[in-house]
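Notes follow once the structure below has been shown.
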Amino acid sequence: MKDKVAVIWKFVLIIIRNKYLVAVSFFVLWVTFLDTYNLLDRFEHLQDLNALKKEIDYYKNEISVYKTQYNELFSSKSNLEKFAREQYLMKEENEDLFIIISD
């Protein structure tokens, strides 16, 4: 048991005496865990950024779809009337509207 402790202690002393190894180890620990902009937080922020970029692409696609629908809808009066009749159940003054609900 004393031999194992002595071997471990000698190894620890060798590591502690090497000032460059201690400095690099301290720097790596500081940058990884303790710094304001540590690596763990940066990784989380990169994941959030990628998710937001995907949302931006999704909404740009949705905007283009709605723009094409808007342009098609307001291109002629008949398209606008068709849309109003189908979506908002609008009718002219002297016509009846029958709504059929299928089960």
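Taking the stated definitions as given, is residue 53 modelled with pLDDT of 85 or more, under 30 Å from residue 83 (Cα atoms) and surrounded by 10 or more Cβ atoms within 10 Å (Cβ to Cβ)? Spelling it out, it is not the case that residue 53 is modelled with pLDDT of 85 or more, under 30 Å from residue 83 (Cα atoms) and surrounded by 10 or more Cβ atoms within 10 Å (Cβ to Cβ).
Looking at residue 91, is it without any contact (Cβ under 8 Å) to a residue 12 or more places away in the chain and surrounded by 10 or more Cβ atoms within 10 Å (Cβ to Cβ)? Yes: the conditions hold for residue 91.
The values are calculated or read from the model by the stated rules, or taken from the named source; none is laboratory data. Model, not experiment: these values are computed from the prediction. Cβ: placed from backbone, ideal geometry, glycine included. Neighbour counts: every protein chain shown.
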